[in-house]
Amino acid sequence: MAAAADNPSAETIEPEPELPPADETPAGISPLPASRLLAIVLAVGAGSLLVWLVPPLGLILAWPFLFLVPGWLLIERVAPHLPAPGRLGLAVVSSVYVSAHLVNLVARVDGFSRAAVLLSVAILVLASVL
């Protein structure tokens, strides 16, 4: 019986972690300063213009936001302890789902075109960054 007391069993319950006092807990996300928000919007506009003028740049600038980044951020927030292969797979699936539905929604206004896809990418970039 003495040996059983030395080895903790699977039935050992760990104590609850202590929470910080209520006045020290972070109160959500702080808003971006106006200058940083303006810089982000200008960068997204410049990237969209570059992709419009030089379409092969879309492989580098637009496709990650259509196929990976929004889903990666979502999965990181929802399931942060998921292993990398599972996170990558879910990120691709959720990004494609969100981007396809967003392009469909934007394309209902003026029809499916390059402008609808680029506007959807700009919305996804702003939603990912902000």
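The values are calculated or read from the model by the stated rules, or taken from the named source; none is laboratory data. Predicted, not measured: the structure shown is a model, and the values here were computed from it. Note that we place each Cβ from the backbone using ideal geometry, even for glycine, and neighbour counts take in every protein chain shown.
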When (1) in contact with a helix residue (DSSP H, G or I) (Cβ under 6 Å, 6 or more places away or on another chain); (2) among the hydrophobic types (A, V, I, L, M, F, W, C); (3) free of Cβ contacts under 8 Å to residues at least 24 places away in the same chain are applied to VAL125, the one that fails is (3)
Determine the pairs where a residue that is in contact (Cβ under 8 Å) with a residue 60 or more places away in the chain and part of a helix (DSSP H, G or I), located within the stretch 89-101, has a partner that is surrounded by 15 or more Cβ atoms within 10 Å (Cβ to Cβ) and among the β-branched types (Val, Ile, Thr) with Cβ atoms under 8 Å apart, the partner being 6 or more residues away or on another chain.
-> none
Listed residues VAL96, VAL92, VAL103, VAL54; which is under 14 Å from LEU119 (Cβ atoms) and modelled with pLDDT of 90 or more?
-> VAL103
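Does the stretch 29-45 hold any residues that are of a type outside the set (A, V, I, L, M), exposed (fewer than 10 other Cβ atoms within 10 Å of the Cβ) and over 18 Å from the mean Cα position of the chain (by Cα), and which are they?
Here is the first cut: in the stretch 29-45, the ones of a type outside the set (A, V, I, L, M) are 30-31, 33, 35-36, 45.
Those still in the list that are exposed (fewer than 10 other Cβ atoms within 10 Å of the Cβ) too: 30-31, 33, 35.
Scanning the stretch 29-45 gives PRO33, SER35.
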For the stretch 47-67, name all the residues that are part of a helix (DSSP H, G or I) and exposed (fewer than 11 other Cβ atoms within 10 Å of the Cβ).
-> LEU53, PRO56, LEU59
Of a type outside the set (Lys, Arg) and touching a helix residue (DSSP H, G or I) at 6+ places or on another chain (Cβ under 6 Å): does that describe LEU88?
-> no
Only residues that are within 19 Å of ALA122 (Cβ to Cβ) and surrounded by fewer than 15 Cβ atoms within 10 Å (Cβ to Cβ): list them for the stretch 68-104, please.
-> TYR97, ALA100, HIS101, ASN104
Pairs with Cβ under 6 Å, 6+ apart, first in the stretch 107-120 and more than 15 Å from ALA62 (Cβ to Cβ), second of a type outside the set (Asp, Glu) = ALA107/ALA116
